[in-house]
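Asker: Pasting a structure here, questions to come.
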Amino acid sequence: MSSSVSTLYVNGSAASGSLDPGGYDYFLVSLIAGATYTISLNAASSGGLSDPFVYLVGATSNDYAFDDDSGGNLNAQLEFTPSLDGDYYVVAAAATNYDSGQYQVSVSSAAAPDDYPVDASGVITLGSTATGVIESEDDIDYFQISLTAGHTYSISLRGADSNGGSLLDPLLYGIYDAQADDFVAGIENDDGGIGRDAALVFTPDDSGEYFIAAAAYSAGTGSYTLEIVEGDTSVDGDVDDGEANAAPLSLSAGSGSVTGSIDFADDSDWFAVSLLAGVTYTISLTGQDGVGGSLSDPYFAGVFDADGELIPGTSNDDYGDSYDSQISFTPVASATYFLAAESYSGDTGTYTLTVTGSATAPIETPAGTGTTVSISLGGTVRGVLETAGDVDWIAATLSGGQTYVFDLVGDRTAFNALSDPLVQGLYDGAGVLLPGTTNDDFGFTRDAQLTYTPASSGTYYLAATGF
């Protein structure tokens, strides 16, 4: 079973992949609220999937969609308009758990109007911030500011890694000198701030008007925050050990990353991160092998609780066939946890610490007519079966004489998707099972589907479990 996480760019090149039976691949993409996107999952021309199936999931239960055959020739295609800026997961899968093969996946959107074109630049003042959006892969936004010769200024362009916006990898493309009618030589930056944020320090030789150029690295799109202050606010990026000195690691749609360095043999870098109960997170510490930095043998020292106590079983060295480290961690309580990055062999170098999890926490759904979870026509509910034999009840208001179709599918946007969903049955308002409403393995899949026409209007309850 294959499972991986890669990055897609809007209107960028299609990504290719391969699925084993029952497998699914994740693609992170940055989307802008209000824009309409087309997500396409097509079988490769040679050795392709028989029937591609695509999911999209975001930060809320409303930002969830899936499609099977709308792309023609059994290919999957869906149109989606997000309600929020942010990172979303495109999930490549197959309509049946027995299918395998090659595929191509892409995200496209009609070009949005540029918020800051060359002939209508934005304006930013010292000590303030400005926000904007990179709408396409070649978009560059310009901001005008008045600077004084000999004064030092710190400029930062923040995106997803520091909650400055949804842009995955901001790029300070340069500073334009209006007097010289050209970019100032050598003044550009990528990844000089927190994580993949951009930051630079600039001391102009001449007083006057300048233009700061904001862009994205590697064809990205999304929103950002630009800030400029007087003085050199750059730091060496070192992080001290212990929960009291931990640096923040921010997550967007359940995922985030940060870079750091091990500066001496016993150095330990701690990061504070907020995690949700019931969500499975993959925590990776990469160096030379995974091209996350120059550290030859990263060691993930573990996940620590709020008291700084190591949670057993959360340390790792040399995951798989590499010297990088990786663990899976499912918190039992929503809280702030601490992640510790070290070097196994005492060497020094840079690294990348990445946390990847589900975009949203699943809903805790009780059984019985007292359930607090309901579904509306055309809606979606995400839930989790915590133990074998667990049954979740979802309430639905149905009209007599109208036919309804209930789909119960394994949530392939999660890392622990239910492999064989079972509709235990549909119950009436008194909690009595209605005959003939149990279903398992609809069609050629292990997902379940129930079609039902109630004789009378009222509240009904669908019982979801695993086979």
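The values are calculated or read from the model by the stated rules, or taken from the named source; none is laboratory data. Being a predicted model, the structure only gives us computed values, none of them experimental. Note that we place each Cβ from the backbone using ideal geometry, even for glycine, and neighbour counts take in every protein chain shown.
Asker: Just a yes or no: is a residue in the range 25-45 surrounded by fewer than 15 Cβ atoms within 10 Å (Cβ to Cβ), small (Gly, Ala, Ser) and modelled with pLDDT of 85 or more?
Answerer: Among the residues of the range 25-45, at least one is surrounded by fewer than 15 Cβ atoms within 10 Å (Cβ to Cβ), small (Gly, Ala, Ser) and modelled with pLDDT of 85 or more, which makes the answer yes.
Asker: Taking the range 424-454 on its own, how many of its residues are farther than 26 Å from residue 21 by Cα, of a type in the set (Gly, Ala, Ser) and assigned to a loop (DSSP other than H, G, I, E, B)?
Answerer: Qualifying residue count, the range 424-454: 4.
Asker: Taking the stated definitions as given, is residue 386 of a type outside the set (Val, Ile, Thr) and either modelled with pLDDT of 85 or more or in contact with an Asp or Glu (Cβ under 6 Å, 6 or more places away or on another chain) (or both)? If you could, list the steps in order and put the result at the bottom.
Answerer: On the way: of a type outside the set (Val, Ile, Thr): yes; either modelled with pLDDT of 85 or more or in contact with an Asp or Glu (Cβ under 6 Å, 6 or more places away or on another chain) (or both): no.
Against the criterion (of a type outside the set (Val, Ile, Thr) and either modelled with pLDDT of 85 or more or in contact with an Asp or Glu (Cβ under 6 Å, 6 or more places away or on another chain) (or both)), residue 386 does not qualify.
Asker: Looking at this structure, is residue 93 touching a Lys or Arg at 6+ places or on another chain (Cβ under 9 Å), among the small types (Gly, Ala, Ser), within 30 Å of residue 21 (Cα to Cα) and not in a loop (DSSP other than H, G, I, E, B)?
Answerer: Details: touching a Lys or Arg at 6+ places or on another chain (Cβ under 9 Å): yes; among the small types (Gly, Ala, Ser): yes; within 30 Å of residue 21 (Cα to Cα): yes; not in a loop (DSSP other than H, G, I, E, B): yes.
So residue 93 passes the test.
Asker: What number of residues within the range 152-170 are farther than 22 Å from residue 353 by Cβ and either aliphatic (A, V, I, L, M) or crowded, with 23+ Cβ neighbours inside 10 Å (or both)? First the steps, then the outcome.
Answerer: The first filter runs over the range 152-170 and keeps only residues farther than 22 Å from residue 353 by Cβ, leaving 152-155.
Now drop any that are not either aliphatic (A, V, I, L, M) or crowded, with 23+ Cβ neighbours inside 10 Å (or both), which leaves 155.
Matching residues across the range 152-170 total 1.
Asker: Can I ask one more? Could you tell me whether the range 272-284 includes any residue that is modelled with pLDDT under 90, more than 30 Å from residue 190 (Cα to Cα) and surrounded by 20 or more Cβ atoms within 10 Å (Cβ to Cβ)?
Answerer: Checked against the condition, which is being modelled with pLDDT under 90, more than 30 Å from residue 190 (Cα to Cα) and surrounded by 20 or more Cβ atoms within 10 Å (Cβ to Cβ), the range 272-284 yields at least one hit.
Asker: Here's another thing I want to ask about it. Does any residue of the range 225-247 turn out to be of a type outside the set (A, V, I, L, M), under 24 Å from residue 329 (Cα atoms), modelled with pLDDT under 80 and in contact with a helix residue (DSSP H, G or I) (Cβ under 7 Å, 6 or more places away or on another chain)? Break it down stepwise before answering.
Answerer: Filtering the range 225-247 for residues of a type outside the set (A, V, I, L, M) gives 225, 227, 230-234, 236-238, 240-243, 245.
Going one step further and asking which of them are under 24 Å from residue 329 (Cα atoms), we end up with 240-243, 245.
Imposing the further condition that a residue be modelled with pLDDT under 80 reduces the set to 240-243, 245.
Filter once more, keeping what is in contact with a helix residue (DSSP H, G or I) (Cβ under 7 Å, 6 or more places away or on another chain): none.
No, the range 225-247 contains no residue that is of a type outside the set (A, V, I, L, M), under 24 Å from residue 329 (Cα atoms), modelled with pLDDT under 80 and in contact with a helix residue (DSSP H, G or I) (Cβ under 7 Å, 6 or more places away or on another chain).
Asker: Among residues belonging to the range 274-290 that are under 15 Å from the mean Cα position of the chain (by Cα) and of a type outside the set (Ser, Thr, Tyr), point out the one that is nearest to residue 343 (Cα to Cα).
Answerer: The selected residue is 283.
Asker: Next question, about the same structure. For residue 120, indicate whether it is surrounded by fewer than 18 Cβ atoms within 10 Å (Cβ to Cβ), part of a loop (DSSP other than H, G, I, E, B) and modelled with pLDDT of 80 or more.
Answerer: On the way: surrounded by fewer than 18 Cβ atoms within 10 Å (Cβ to Cβ): yes; part of a loop (DSSP other than H, G, I, E, B): yes; modelled with pLDDT of 80 or more: no.
Taking the combined requirement at face value, the residue does not satisfy it.
Asker: Another question about this same structure. Suppose we filter the range 412-444 for residues that are modelled with pLDDT under 90 and touching a Gly at 6+ places or on another chain (Cβ under 8 Å); how many remain?
Answerer: Of the residues in the range 412-444, 5 are modelled with pLDDT under 90 and touching a Gly at 6+ places or on another chain (Cβ under 8 Å).
Asker: Being crowded, with 16+ Cβ neighbours inside 10 Å, more than 30 Å from residue 251 (Cα to Cα) and modelled with pLDDT under 90 is the requirement here; does residue 182 meet it? Show your work before the answer.
Answerer: On the way: crowded, with 16+ Cβ neighbours inside 10 Å: no; more than 30 Å from residue 251 (Cα to Cα): yes; modelled with pLDDT under 90: yes.
No, not satisfied.
Asker: Okay, moving on. May I ask you to list pairs of residues, at least six apart or on different chains, whose Cβ atoms are under 6 Å apart, with the first in the range 317-332 being farther than 8 Å from residue 283 by Cβ and the second being modelled with pLDDT under 90 and in a strand (DSSP E or B)?
Answerer: Pairs found: 331/275.
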